[in-house]
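Laboratory data are not the source of any read-out in this text; all were calculated from the coordinates shown. Everything numeric in this text was worked out from a predicted model, so none of it was measured. Here Cβ is always computed from backbone atoms with ideal geometry, including for glycine, and neighbour counts include all displayed protein chains.
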Amino acid sequence: MTGKGLQAPRGTFDVLPEQAAQRERLLQAAREIFGLAGYRLIITPAFEDTALFERGVGKSTDIVRKEMFTFKDKGERSLTLRPEGTASVCRAYIEHGMHKLPQPVKLFYTGPFFRHERPQAGRYRQFNQIGAEAIGSDSPLVDVEVISLLSDLIEELGVPGVELRLGSLGSLDARATYLDELKSHLRSRDQELSEDVRARIEINPLRAFDSDHEGTRAVMADAPHLLDFLSEEDAEHFEQVKSYLGTASVPFTIDPTLVRGLDYYTRTIFSFVCDRLGAQSEIGGGGRYDGLIEQLGGPATPAIGWAAGIERILLALDEEVTSAGMDLFVVVPDPELITKAVALVSELRHHGLAVEMDLAGRSVKGQFKQADRVNAAHTLILEPGGTASLRNMETGDQRTVDPKAVANLIRS
Ligand code: HAM
């Protein structure tokens, strides 16, 4: 920390170069997994019309009620920094007529998201997600494909102690009967509930399952479960998801109390939790949102997806990944050779070698030190006659070479 007032805002952070290698490994692994399953990258804006999230995420959610970074632009339009990606992807699906493409349309995304939450380990105001959405099919095969993507990523990265919890919220119509039951259960014991849960009995009773308030938890221990109220069709869909997950060798546990913080979910919901993380134990999660596209003004279109918190995955991994060093450091013992060095460095980079030279007027000794710091596998010491010495920094072997042959020599 230097200088007053010159710090990143509360709940945000910098990713310094020494921390970036781990992220790059994660993103590379994810891109590979998405590519193998036919998911393609989509990039949407970091801010959207506020109405998109109000309609998409839901007015009764914590996100819309308390956590959005909303501002007016110069034309007095209300804009919001995106708190999540699904609403934006659906907006893009509708706006670009993607329902005309072969279905389901399979997309992935990564980037920063913004929620005004109380910062703590694993919870930030600007964080990064990686996510996938498959839009346009209600087949349980899609549920299994989408869930497998995150399961594969977690396995590929070697994230320890992760469990997949699975539930179903049923379709919207079928849920109504259950919600009536749940509301009357909550009303019958409303004195034991937290203020927040009591205030939301009518608008969002499911959220009571997520409360860590002791009284509320006691009430919820006896609450009816949605899984016992599923319609025949929803129950059959859920059975097939479970069965195909078995076929795909994705282990899971059924959690009849599982709920999620966004209003758009229908049928399958899931959550990957990690026992190495504290209170913020969810690495990633998602579910079906069969009504969302229609609710946003598009044609009735079933869909499913998930998002995972990149910082949470990295916290759970807690590993050091060192970045690759340089192939070569060009040492310039005499200022007269600088022009030659500049030309050579440029040429070697065009050949695909990672090459640096001194940019700070260092002595020869200082240049060798710098070569060590950048973890160079070789140094090339230029000589006045046009030749040069190539030194292998690991073995110390040194030989005279023609600088033009260096690219091939290093490769071999
Ligand atoms: P979400 O559960 O709100 O879902 O967020 C997904 C993941 O983002 C969480 O599991 C967590 O790892 C990470 N995350 C959320 N908030 C924070 C935060 N403040 N700081 C750090 N990490 C955070 C969604 O966003 C849905 N759009 C997922 C989805 C996609 N559902 C269907 N498709």
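Only Cα pairs within less than 10 Å get springs; with that Gaussian network setup on the chain, which residue of 131, 58, 161 has the largest fluctuation?
Result for the chain, Cα springs under 10 Å: 161 fluctuates most.
Under the classification rounded if a/c is under 1.5, otherwise prolate if a/b is larger than b/c and oblate if not, where does the chain fall, given a ≥ b ≥ c as square roots of the Cα gyration tensor eigenvalues?
Numbers: a/c = 2.52, a/b = 2.27, b/c = 1.11.
Verdict is prolate for the chain.
Please report the projected area of the stretch 270-412's Cα convex hull averaged over all directions, in nm². Don't skip to the answer; put the middle values down first.
Details: hull surface 62.4 nm².
Over all viewing directions, the stretch 270-412 projects a mean Cα-hull area of 15.6 nm².
Net charge around residue 91, counting only other residues with Cβ within less than 11 Å of its Cβ (Lys, Arg = +1; Asp, Glu = -1)?
Values: positive: 55, 82; negative: 48, 49, 95.
Within the 11 Å Cβ shell, the charges total -1.
From the square roots a ≥ b ≥ c of the eigenvalues of the alpha-carbon gyration tensor of the stretch 164-241, which class results: rounded (a/c under 1.5), prolate (a/b over b/c), or oblate?
Values: a/c = 2.57, a/b = 1.85, b/c = 1.39.
It is prolate, given that a/c is not under 1.5 and a/b is the larger ratio.
Is the shape of the stretch 76-175 rounded, prolate or oblate, going by the alpha carbon gyration tensor and its root eigenvalues a ≥ b ≥ c, with a/c under 1.5 for rounded and a/b larger than b/c for prolate?
Details: a/c = 1.59, a/b = 1.05, b/c = 1.51.
Verdict is oblate for the stretch 76-175.
Cβ under 15 Å from residue 150's Cβ, residue 150 left aside: what net charge do those residues give with Lys, Arg +1 and Asp, Glu -1? Spell out each step's value before the answer.
On the way: positive: 31, 106, 165, 260, 288, 312; negative: 32, 133, 143, 145, 152, 155, 156, 163, 282.
Surrounding charge for residue 150 is -3.
Which residues make up the longest stretch of the chain clear of chymotrypsin sites (Phe, Trp or Tyr not before Pro) that lie in a DSSP loop with no more than 16 other Cβ atoms within 10 Å, not counting the sites? Present the calculation step by step, with values, prior to reporting the outcome.
On the way: sites that count: 13, 69.
Within the chain, the longest run free of exposed chymotrypsin sites (Phe, Trp or Tyr not before Pro) spans 70-412.
Expressed as an acute angle from 0 to 90° and rounded to the nearest 10, what is the orientation of the C-alpha long axis of helix 338-350 relative to the principal long axis of the chain?
The answer is roughly 40 degrees.
At what distance in angstrom do the alpha carbon centres of the stretch 208-263 and the stretch 184-203 lie from each other?
20
Across 10 Å bins from the origin, how do the percents of Cα pairs in the stretch 182-315 run, short distances first?
Reading the bins upward from 0: 10, 33, 37, 19, 1.
What does DSSP give for the chain in terms of the percent of beta bridges that are antiparallel, rounded to the nearest 5?
Values: 51 of 62 bridges.
Antiparallel: roughly 80 percent of the beta bridges in the chain.
For the chain, take the longest principal axis of its alpha carbons; what is the angle in degrees between that and the long axis of helix 172-188, to the nearest 10 within 0 to 90?
Taking the Cα atoms of the chain, the angle to 172-188 is about 70 degrees.
Of the chain, which part is the longest with no trypsin sites (Lys or Arg not before Pro) in a loop (DSSP not H, G, I, E, B) and with at most 13 other C-beta atoms within 10 angstrom?
Working: sites that count: 4, 10, 59, 74, 77.
It works out to 78-412.
Rounded to the nearest 5, what is the percent of antiparallel bridges among the DSSP beta bridges in the stretch 304-412? Intermediate results must be reported in sequence, preceding the final value.
On the way: 9 of 16 bridges.
For the stretch 304-412, the DSSP antiparallel bridge percentage is about 55.
Leaving out same-chain residues fewer than 8 places away, which aspartates and glutamates sit with a Cα under 18 Å from that of residue 100?
Result set, ordered by chain and number: 133, 138, 290, 294.
How much net charge surrounds residue 207 when only the other residues with a Cβ under 9 Å from the Cβ of residue 207 are counted, with Lys and Arg +1 and Asp and Glu -1? Please list the in-between numbers first.
Numbers: positive: 200; negative: 62, 196, 210.
Within the 9 Å Cβ shell, the charges total -2.
Give me the three principal axis extents of the stretch 277-345 from the C-alpha atoms, as integers in angstrom, largest value leading.
Between the extreme Cα coordinates on each principal axis of the stretch 277-345 lie 71, 37, 15 Å.
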